[in-house]
Amino acid sequence: MFQLASNLFLRTPPPPRSNIYPEHQAEGDGLGQWSKIKDKKAAHDGQKSILYARVNHEIAVAVKRGGSFDPEKNAQLAVVLKKAKEQGVPKDNIAKSLARCMKGEDRSGERFTYEAIVGGSVGIIIECITDNVNRTIHNVREILTTHGARMAPVNFMFTRQGCITVTLDRSSDTFGGLVDVALENGATDYDEASKLQRPETSYFWFYCEPQDVAALEDAIAEHETPLGVRIESAEIAYIPVERSPEVDAELKEKVQELVQALEENVDTLRVWTSLDFER
């Protein structure tokens, strides 16, 4: 009797493999999730490396062009350092870049500006820094061609100006005071950035001569608390001459894809289009 029961037991088919080793299945799921995390981290680290390299290039060029390591005496350098801090570049990275410049050890290359047109009407300005001009122009041309654009003179579509972007609560009544402070400290004009508006916040652009951007930013910063304003950015920009061009949605999307591809190029510092600063 016992022997029969034993034989029956031995002939019982094993349960499915996935039920025998559930812990292995869980481990596999964990490994898959960890792989995704690693991929995301690698992509994020790659983006940071590109950002740090660009900032290093920008600092080197600003020092070379401005002729000073002191941001108080070099407006372009002041803008670059402010932007680097806003983008989260560590202070140590900034300090090392400045130290290399002071020792004459930086070989970041030269700055070049390329012009292009897409869709027959949208101008593109591409600012690059490179130590290999042939590589850079080859990469830029390849990106342009892939996205249906080509190099062409479009500088006439833009003016070079300093630009401070600020936000102000819609409930605030201090806009007049903000305009007074700006005009008294180098601002030549201003616009409401209607396309950037939020339910509770208004955006404004204040323009000035390129050499005055640091002084204008400092003046507005001193009044941030009493006026209830916030500085979002300060830069020397290419401002389109025609501010609200008639462009269809398809072309806008095409331009956005082109800009994204250009910005992913390691030699690219900044991309400007004639669709920027739309009122």
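The values are calculated or read from the model by the stated rules, or taken from the named source; none is laboratory data. From a predicted model like this one, the values you see are computed outputs, not experimental measurements. A quick note on method: Cβ atoms are made from the backbone with ideal geometry, for glycine too, and the neighbour counts reach across all protein chains shown.
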Could you tell me whether LYS252 is farther than 28 Å from ILE59 by Cα, under 22 Å from the mean Cα position of the chain (by Cα) and at pLDDT 90 or above? yes
Quick count over the stretch 186-211, residues being out of contact with any strand residue (DSSP E or B) (no Cβ under 6 Å at 6 or more places or on another chain) and more than 25 Å from SER171 (Cβ to Cβ), is 2
Note: among LYS73, LYS96, LYS82, just one is of a type in the set (Lys, Arg) and buried (at least 17 other Cβ atoms within 10 Å of the Cβ), namely LYS82
Counted residues in the stretch 246-255 being surrounded by fewer than 16 Cβ atoms within 10 Å (Cβ to Cβ) and outside any helix (DSSP H, G or I) come to 2
Within the stretch 121-133, residues free of Cβ contacts under 8 Å to residues at least 40 places away in the same chain and in contact with a strand residue (DSSP E or B) (Cβ under 9 Å, 6 or more places away or on another chain) come out as ASP131, VAL133
When PHE158 is run through (1) within 22 Å of the chain's Cα centre (by Cα); (2) surrounded by 13 or more Cβ atoms within 10 Å (Cβ to Cβ); (3) farther than 19 Å from GLU264 by Cβ; (4) at pLDDT below 95, the failure sits at (4)
Is it true that ASP189 is exposed (fewer than 15 other Cβ atoms within 10 Å of the Cβ), charged (D, E, K, R) and free of Cβ contacts under 8 Å to residues at least 12 places away in the same chain? no
Pairing a residue in the stretch 134-148 that is loosely packed, with under 13 Cβ neighbours inside 10 Å with any residue that is acidic (Asp, Glu), where Cβ atoms lie under 8 Å and the two sit 6 or more apart in sequence or on different chains, gives ARG135/ASP267
Filter the stretch 192-243 for residues that are of a type in the set (Gly, Ala, Ser) and assigned to a loop (DSSP other than H, G, I, E, B); the one that is modelled with the lowest pLDDT is ALA193
Restricting attention to the stretch 155-181, the residues that are more than 12 Å from LEU227 (Cα to Cα) and in a helix (DSSP H, G or I) number exactly 3
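Right, LEU269: closer than 24 Å to ARG135 by Cβ, assigned to a helix (DSSP H, G or I) and touching a helix residue (DSSP H, G or I) at 6+ places or on another chain (Cβ under 8 Å) or not? Please lay out each step first, then the result.
Working: closer than 24 Å to ARG135 by Cβ: yes; assigned to a helix (DSSP H, G or I): no; touching a helix residue (DSSP H, G or I) at 6+ places or on another chain (Cβ under 8 Å): yes.
The answer is no for LEU269.
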Filtering the stretch 256-272 for residues that are surrounded by fewer than 18 Cβ atoms within 10 Å (Cβ to Cβ) and either of a type in the set (Asp, Glu) or free of Cβ contacts under 8 Å to residues at least 12 places away in the same chain (or both) leaves a count of 5
